[in-house]
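Below: the structure, in structure tokens.
The values are calculated or read from the model by the stated rules, or taken from the named source; none is laboratory data. Computed from a prediction, not measured in an experiment: that's the story for all the values here. Methodologically, a virtual Cβ is constructed for each residue, glycine included, from the backbone with ideal geometry; neighbour enumeration extends over all protein chains shown. SASA here: full protein model, heavy atoms, side chains in, ligands and nucleic acids out. Shrake-Rupley method; radii C 1.70, N 1.55, O 1.52, S 1.80 Å.
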Amino acid sequence: IFILFILGIWQLRSQNKEISRLIIYTIVGFLLIMSFVVLVSRDHTMDFAWAFALPVAVGIKKILDKVKENFSVRWKYCLLVTIISLAIAYNFVLAGRVAWGRVYDQSSWLKVKAYEDLISAENVSEKEIIAFGMPAYDGLALNYLTDKNLVAFAPETVQALIEKGELQKAFSDYKVKYIVGYPDKLTQEIVSSAQVKNLCSDDIKIIYQPVSPLRSWLLNMVK
């Protein structure tokens, strides 16, 4: 894909320098901006993905044109086009697999699901608030799954409140009655410093769902 990208840039530069410069400036400019400005916790490559896709498409078109010029026999041309198309498609499949693998490796969904099972088993009323010490996006997912009132209290904030002796006041102001997702040591300090109940610390046991052999084969087919 990178070779196709370079080939596409070269082809665009020979035909229309303005467009090739626009693509290069767009990619470099966005990368520089994203290096100094962090906007939300998501991949911003999607905002200028066209700058990568266009040269790749031009590169593919260039290769197909060269193949057509050098192979007058139709079946040979069709065979080479099929091979090239399959190679490109396979490259995209592998790239997608790597991308999804990285997302899965960094995912905390199974832990959030385990939190949900414990919270759902607890009789938490609508007026009671649960303080969580996990990352904000995990807290949002937990709020969606449990439909309970949650408020974020970062572990660093909780530790500072404990040292100042103001944790109970802060929890009372926010009507916090339960905590979830804090480290074991900090959880013990919270329970001894405030009148709250610990639902579960971050050392929760994750239950992995069994996967059928057929699904495992399909997921690993592109290895």
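Would you mind stating whether residue 185 is assigned to a helix (DSSP H, G or I) and either open to solvent by 90 Å² or more (accessible area, probe 1.4 Å) or not aliphatic (A, V, I, L, M) (or both)? So residue 185 passes the test.
Listed here are the residues, each with its yes/no results for (1) among the hydrophobic types (A, V, I, L, M, F, W, C); (2) open to solvent by less than 50 Å² (accessible area, probe 1.4 Å); (3) modelled with pLDDT of 90 or more.
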| residue | (1), (2), (3) |
| --- | --- |
| 141 | yes, yes, no |
| 151 | yes, yes, yes |
| 155 | no, yes, yes |
| 158 | yes, yes, yes |
| 163 | no, no, yes |
| 166 | no, no, yes |
| 169 | no, no, yes |
| 172 | no, no, yes |
| 178 | no, yes, yes |
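Taken over the stretch 80-127, residues that are over 20 Å from the mean Cα position of the chain (by Cα) and modelled with pLDDT under 75 amount to 0. Taking the stretch 52-68 as the range and being farther than 28 Å from residue 21 by Cβ and of a type outside the set (A, V, I, L, M, F, W, C) as the test, only 68 passes. When the test is whether a residue is part of a helix (DSSP H, G or I) and open to solvent by 50 Å² or more (accessible area, probe 1.4 Å), residue 81 does not pass it. Got at least one residue in the stretch 84-95 being farther than 30 Å from residue 60 by Cβ and not acidic (Asp, Glu)? No, that holds for no residue. So how many residues does the stretch 119-158 have that are in contact with a helix residue (DSSP H, G or I) (Cβ under 9 Å, 6 or more places away or on another chain) and among the aromatic types (Phe, Trp, Tyr)? Result for the stretch 119-158: 2.
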